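Contents: one structure, followed by commentary.
The values are calculated or read from the model by the stated rules, or taken from the named source; none is laboratory data. In this text, all values refer to a predicted model and were calculated from it rather than measured experimentally. Ideal geometry is used to build each Cβ from the backbone, glycine not excepted, and the neighbour counts take in all protein chains shown.
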Amino acid sequence: MNTATATRYAVKYQAIASALPGQTLPWLQTLRAEALMAFSESGFPSPREEEWRYTNVSAIEKKLFSPSISLPAGSIDAQWLKSYQLQDAWVLVLVNGHFSAELSVLDDLPEAVSVMSMAEALAKQPDQVQKHLGLATAQSEHGFVAFNTAWFTDGLFVHVPAKQVLDRPIQLLHIVTDADIMSTTRNIIIVDEMAEAKVIEIFIGVYSATSSEIVADNAYLTAAVTEVYVGQNADLTLYKMQSESEKAYHFGGSYIKQARDARFTHHNFAFGGLLARSDIHADLDHASECELNGLYLGSKRQHIDNHTRINHLKPYAVSREVYKGVLDDRARGVFQGRVIVAIDAQQTDSQMNNRNLLLSDDAEADTKPQLEIYADDVKCGHGVTVGQLDEKSIFYLQSRGIDEETARNMLTFAFANEMVDKIKIKGLHDMVLEQVLTRFPQEGVNKEWL
Amino acid sequence: MSASEQEIKNLIGKEYKQGFVTELETDTFLPGLDEAVILRLSKVKNEPEFMLEYRLKAFRHWQTMKSPEWAFVKFDPIDYQAISYYSAPKRKENGPKSLNEIDPQVLEAYKKLGIPLDEQERLAGVAVDAVFDSVSVATTFKGKLKEAGVIFCPISEALRDHPELIKQYLGSVVPHTDNFFAALNAAVFTDGSFVYIPKGVRCPMELSTYFRINAANTGQFERTLIIADEGGHVSYLEGCTAPMRDENQLHAAVVELIAMKDATIKYSTVQNWYPGDKEGKGGIYNFVTKRADCRGENSKVSWTQVETGSAITWKYPSCILTGDNSTGEFYSVALTNNYQQADTGTKMIHVGKNTSSTIVSKGISAGKAQNTYRGLVKVLKSAENARNYTQCDSLLIGDKCGAHTFPYVEVKQPSAQVEHEATTSKISEDQLFFCQQRGLSAEDAVSMIVNGFCKEVFRELPMEFAVEAQALLGLSLEGSVG
């Protein structure tokens, strides 16, 4: 069945094969052909694979989404877009997986810094792309990555040279305008030695270009892959907010390679989509630091899966991970977190925490934290909880004259807000908070509390 | 610092004491497995017709199955045709009536193991069923137990004397289709213990089975079935050893526990199969399916295991908490040294309301060993107010070993409270230094720390067994537990 799916998708993609960027680069053609071969053999992952145990993507196979050939003709309401665009940031907009120069804001970039579309990078800096494309994903090959490599239409390319500290964040906005289409994008982010940058990736799919109306329930597929290279003693913070439409399918993988002493922080907000899966896989070098934060809110029939892997390859690295989930209605939240400590990675310090709040009788949480340790001088721990709000806290609030429902909402909100408060960029903080409040399972959280 | 490291090295390098072979005349089947072997096996054991049918059904199903590969263990494929499926000390017609009729060699073997079958001995408070290769050779204190109404006998005897109980309960917790090794066991199991605690009876003494593999090229496939009827209470202990051999031997057992309303079963294991030598040659493959069904309200099952032996241990004593307010517990110490591999843990399936489970797992990994905790806590929608607490700690001794923790938590009920915690660490230089600075030798310090690390589990063991468990741990970590 998988192979059949692969063939069906391959046929669909033949139409745009000649329009994919990088036609003149033989190495890329080879890479794409190899990826296509791998995808034809494996298809999309099945729940029989341990890493996909709780997530069944057969709906994606059945749906057979079509690639979007070029930028959609209709214009996008600038006013609507503004609510997602950060002020004081370099913004790159991808519509249906294609770069829109018109909507992007890439002025005043420091001279040596590259922020451009992947298509442009393939034309202007093919060597840099060749050096990095497929390197960070090498240890995480599965159907979606191969699929993405074979058919990515565009993406973001960032290169921050050594010792350059960016004073503004870079924002990447993914917009999908229509139902049944597929957005397949590939990003490469390179932060050289001692440089510093912040990159924000936002996925939204509520706007229809053709009918100029807001459509919240388009069914489409996003398959995005980001490769991140953090140089020696460099610092990168990556924010991801996934607020796809209610019926969308989302796969977003971030694969990170950290050099010696490199610092990497990831904030993952998973709010939208009918079926959404995130991969965050980081390879750590000597004394690098890695922090992964995540918040997932699920309601209705949503299925949200977060899959993290931290690979301590060398000694003295530190990793911290906190993922929180709030699940309502019939939503299902999945957390799979794996920490691997290699045989030489002595003095590793790793902590992982996953906490889930179940709000309804039909919600489900599946969590699988894993420690795989081959070195002896380490400090590793993980904790998992699944449960309800603390009755004592509710009682305390009630004893202060707050009714029970409000008390519950306050506590649920506080539970989620802890992750939102970690955002250091004001504009983004407010945007994510807004999303949390609108998606909040119950009414009654007063903004004035904040 | 290096001095204390040396001490630790000395501590973990000790020989296996139970590795002797007893020379005996035996009845042994030729290696190989087909329906004819099962027919013969059933005939030798003089089993009722339904049992043979059950075995054949299981065998046919087993042939359609493949050996599972998901565990974190490595071993060469097992040739199931090279194993002999039955081996027993030669005996007179109808089996021994009393201890006097048992082959003195066998008695001697048990004496050497420190398990006297003589009822007057030191462990007088414990009734022992001794299983030697494929058969049970003796069961002590039968009379006293009968007075209380407790049935404690080899399962092959129960098949003849209490077929109705076997028919009702055998395979009801672990069906023959459950997994590869359970299917194999259902087809070829030879002996094991059967315990039935009638309504309202508290078993007057600890029950114990001592499993001994002696013959070469055989596998041991034992089957244990324990039923505690309404209000029944039993504490059961299990111990096992095998001779030192260069070949790997397979031990594929199935244990089924059934606890009815208000019943309690406490099942303790001290597993000390031959672990293989320092180069990882030989040793027992311990692939075991253990599962308990807490069927009645307020029932309770508690698993305690101390795993020190076996080349590979692959088992997950589990509880299905069906009855409302039922409780499942799992306490485990798994110690691996040299090239030993252990993939062990538990499954707690919460079905009934107000069910609770506790998991405390302590893994100690030394030498080049790999020690994995793998556990599942599943709360079904019907399990309102279910409660689970899990704690998994790993201790690493040496820089070539591995310790892994793979818990699975699946919750479908919002009123459930599930907690899981895991830590991995080594005996730190600071701890050692602190102890030594207070006048303890490095050996005593390690002993104290390891002992403290395992304490939560050891205190769950029955008195008689705690002594043995500590002695066993001492075997692998010489005298470090005291």
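Worth a mention:
- Residue check for A:Ala223: buried (at least 24 other Cβ atoms within 10 Å of the Cβ), at pLDDT below 95 and outside any loop (DSSP other than H, G, I, E, B): yes
- Boolean, A:Gln139 is on the phi < 0 side of the Ramachandran plot and within 18 Å of the chain's Cα centre (by Cα): yes
- Just so you know, in region A:20-29 the residues that are under 14 Å from A:Ala123 (Cβ atoms) and more than 26 Å from the chain's Cα centre (by Cα) include one that is surrounded by the most Cβ atoms within 10 Å (Cβ to Cβ), and it is A:Leu25.
- In the set (1) surrounded by fewer than 18 Cβ atoms within 10 Å (Cβ to Cβ); (2) more than 14 Å from chain B (Cβ to nearest Cβ); (3) of a type outside the set (S, T, N, Q); (4) under 27 Å from A:Thr237 (Cα atoms), A:Phe413 fails one condition alone, (1).
- Residues of region A:270-294 that are surrounded by 24 or more Cβ atoms within 10 Å (Cβ to Cβ) and either on the phi > 0 side of the Ramachandran plot or of a type in the set (Val, Ile, Thr) (or both): A:Gly273, A:Ile280.
Matching residues to (1) at pLDDT 90 or above; (2) within 15 Å of A:Glu372 (Cα to Cα); (3) touching a helix residue (DSSP H, G or I) at 6+ places or on another chain (Cβ under 7 Å); (4) at the interface with chain A (Cβ under 7 Å from one of its Cβ atoms):
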position: B:Ala369; (1), (2), (3), (4): no, yes, no, no
position: B:Arg387; (1), (2), (3), (4): yes, no, no, no
position: B:Leu396; (1), (2), (3), (4): no, yes, no, yes
position: B:Lys400; (1), (2), (3), (4): no, yes, no, no
position: B:Gln437; (1), (2), (3), (4): yes, no, no, no
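- Scanning region A:30-76 for residues that are of a type in the set (Gly, Ala, Ser) and surrounded by 20 or more Cβ atoms within 10 Å (Cβ to Cβ), we see that the one that is modelled with the lowest pLDDT is A:Ser68.
- Entirely in region B:128-221, the helices (runs of 4 or more DSSP H) that have 2 or more residues that are within 17 Å of the chain's Cα centre (by Cα), modelled with pLDDT of 85 or more and buried (at least 22 other Cβ atoms within 10 Å of the Cβ): B:180-188
- Within region A:384-399, residues that are hydroxyl-bearing (Ser, Thr, Tyr) have Cβ atoms under 7 Å from residues that are in a helix (DSSP H, G or I) in these pairs: A:Ser393/A:Leu411, counting only partners at least 6 apart in sequence or on another chain.
- Test: residue in region B:322-329 that is surrounded by fewer than 24 Cβ atoms within 10 Å (Cβ to Cβ) and within 20 Å of B:Ala422 (Cα to Cα): yes
- Scanning region A:286-305 for residues that are part of a strand (DSSP E or B) and out of contact with any Leu (no Cβ under 9 Å at 6 or more places or on another chain) turns up A:Glu289, A:Glu291, A:Leu292, A:Asn293, A:Gly294, A:Leu295.
- Scan of region A:231-267 for residues that are touching a Ser or Thr at 6+ places or on another chain (Cβ under 8 Å), among the polar types (S, T, N, Q) and within 21 Å of A:Leu81 (Cα to Cα), ordered by number: A:Gln242
- Only residues that are within 9 Å of chain B (Cβ to nearest Cβ), more than 30 Å from A:Lys314 (Cα to Cα) and of a type outside the set (Ser, Thr, Tyr) were counted in region A:333-364, giving 8.
- The C-beta contact set for region B:429-440 (first residue surrounded by 12 or more Cβ atoms within 10 Å (Cβ to Cβ), second residue of a type outside the set (A, V, I, L, M), distance under 7 angstrom, 6+ apart or interchain) comprises B:Leu432/B:Ser4.
- Among the residues making up region A:194-220, a single one is surrounded by fewer than 20 Cβ atoms within 10 Å (Cβ to Cβ), at pLDDT 90 or above and part of a loop (DSSP other than H, G, I, E, B): A:Met194.
- Cβ-Cβ under 8 Å pairs, at least 6 apart or on other chains, region B:54-65 side under 24 Å from B:Pro163 (Cα atoms), far side assigned to a helix (DSSP H, G or I) and acidic (Asp, Glu): B:Leu56/B:Glu35; B:Phe59/B:Glu35
- Counted residues, region A:112-128 - those being touching a helix residue (DSSP H, G or I) at 6+ places or on another chain (Cβ under 8 Å) and in a strand (DSSP E or B): 2
For (1) facing chain A (nearest Cβ under 7 Å); (2) closer than 19 Å to A:Met352 by Cβ; (3) surrounded by fewer than 18 Cβ atoms within 10 Å (Cβ to Cβ), each residue gets a yes or a no:
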residue	(1), (2), (3)
B:Tyr373	no, yes, no
B:Val379	no, no, no
B:Thr405	yes, yes, no
B:Ser425	yes, yes, no
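- Among the residues of region B:291-312, just one is acidic (Asp, Glu) and closer than 16 Å to B:Ile359 by Cα, namely B:Glu307.
- Residues (under 17 Å from A:Val199 (Cβ atoms) and more than 8 Å from the chain's Cα centre (by Cα)) located in region A:246-258: A:Tyr255, A:Ile256, A:Lys257, A:Gln258
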